[in-house]
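Working notes, structure below.
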Amino acid sequence: EGLGINALAYRGIAVVNGSFKGVSADPIWPDDRLFYGRVRTPPQLVTSGDALDVLSVRYVLAYRAEPVATDLTPATAARTARGGELVLWENADAWPGAFLVDATFGDTRLPLVDGCTHDRLLCRDLSTLVPHRDPRPVNIQRRADSIRVTFAPSESTAILVVSEMFRPEWIATSGDRPLHTRAMYGGLLGVPLPPGVSAVHLHYRSTPMIFATFGSYVALIGELGMLYGWGASK
């Protein structure tokens, strides 16, 4: 319908499908283009209310005739210049973007959804997570390159799962205490929690960005040195 699917255009909006330049999306969907991570939404995901809840998908944009989860409610509709009728569906039960699970369920491999075309995260039966969700409320605050999650402390261990694609560059801390990060269920960001933790701060440090920043500083210092040497020679 003429709408762009490039996720870089949606600033401040977490998206499930789109094209990601220079980023591999292979943990959640097989990459099918060189130098691109391209994610398409499997129909089984859109028709599963539990899967949309787990991934914190609050809104679904679909054609009027497309099947969606039965617990979604239409928020608005519009007809495009190309003649298609699009409906914006709202998922009022979407989870807040992070949740806690019992530590014993952390290594469980989720079963595949019937009829899905691959074995990555978006073709896994995310509804099996629902009975194992810790009932403690979770508050999540997102920034450009960081996530802060707070919750009530517990005397038992647990795992914090964030509805974000896992990358080794995610660094987790609780106060001054470093925490381990790991991939959960094939692609989500997980942080195993020791007893007593009530807040986790996640910061993303991209390796290419670190090298680019270092290179910029080196170049700046070199230019300043050249200018200083030129001024001294004058």
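What to note about this one:
- Test: residue in the range 216-228 that is within 30 Å of Trp29 (Cα to Cα) and modelled with pLDDT under 90: no
Table: residues versus (1) of a type outside the set (S, T, N, Q); (2) free of Cβ contacts under 8 Å to residues at least 40 places away in the same chain; (3) more than 19 Å from Val162 (Cβ to Cβ); (4) part of a strand (DSSP E or B).
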site: Leu86; (1), (2), (3), (4): yes, no, yes, yes
site: Pro96; (1), (2), (3), (4): yes, no, no, no
site: Leu100; (1), (2), (3), (4): yes, no, no, yes
site: Thr104; (1), (2), (3), (4): no, yes, yes, no
site: Val130; (1), (2), (3), (4): yes, no, no, no
site: Pro135; (1), (2), (3), (4): yes, yes, no, no
site: Ala144; (1), (2), (3), (4): yes, yes, no, no
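- Any hit, the range 32-47, residues being surrounded by 13 or more Cβ atoms within 10 Å (Cβ to Cβ) and farther than 17 Å from His118 by Cβ: yes
- Filtered residues of the range 74-107 (kept if surrounded by fewer than 18 Cβ atoms within 10 Å (Cβ to Cβ), within 20 Å of the chain's Cα centre (by Cα) and within 17 Å of Tyr185 (Cα to Cα)): Gly106, Asp107
- For the range 119-173, taking the residues that are among the small types (Gly, Ala, Ser) and closer than 16 Å to Ala94 by Cα, the one that is nearest to the chain's Cα centre (by Cα) is identified as Ser163.
- Matching residues in the range 1-59 - criterion: being modelled with pLDDT of 85 or more, among the aliphatic types (A, V, I, L, M) and assigned to a helix (DSSP H, G or I): Leu45, Val46, Ala51, Leu52, Val54
- If you go through the range 174-190 and pick out every residue that is farther than 20 Å from Ala14 by Cα and surrounded by 15 or more Cβ atoms within 10 Å (Cβ to Cβ), you end up with 4.
- Flag for Val161 being surrounded by 14 or more Cβ atoms within 10 Å (Cβ to Cβ), touching a Leu at 6+ places or on another chain (Cβ under 7 Å) and either aliphatic (A, V, I, L, M) or free of Cβ contacts under 8 Å to residues at least 24 places away in the same chain (or both): yes
- Taking the criterion of being of a type outside the set (A, V, I, L, M, F, W, C), more than 12 Å from Leu45 (Cβ to Cβ) and open to solvent by 50 Å² or more (accessible area, probe 1.4 Å), the residues of the range 118-136 that qualify are Asp119, Pro131, His132, Arg133, Pro135.
- Residue tally, condition of a type in the set (Lys, Arg) and either touching a Cys at 6+ places or on another chain (Cβ under 9 Å) or outside any loop (DSSP other than H, G, I, E, B) (or both), over the range 107-128: 1
- Residue check for Ile171: surrounded by 20 or more Cβ atoms within 10 Å (Cβ to Cβ) and assigned to a strand (DSSP E or B): no
- Of all residues in the range 61-73, those satisfying the criterion of being assigned to a loop (DSSP other than H, G, I, E, B) and either exposed (fewer than 11 other Cβ atoms within 10 Å of the Cβ) or among the polar types (S, T, N, Q) (or both) are Ala65, Pro67, Thr70.
- So Ala212, is it of a type in the set (A, V, I, L, M) and at pLDDT below 95: yes
The values are calculated or read from the model by the stated rules, or taken from the named source; none is laboratory data. Small disclaimer: the values here were computed from a predicted structure and weren't measured. So basically every Cβ, Gly included, is an ideal-geometry build from the backbone, and we count neighbours across all protein chains shown. Keep in mind that these areas ignore ligands, DNA and RNA; they rest on the heavy atoms of the full protein, side chains included. Shrake-Rupley method; radii C 1.70, N 1.55, O 1.52, S 1.80 Å.
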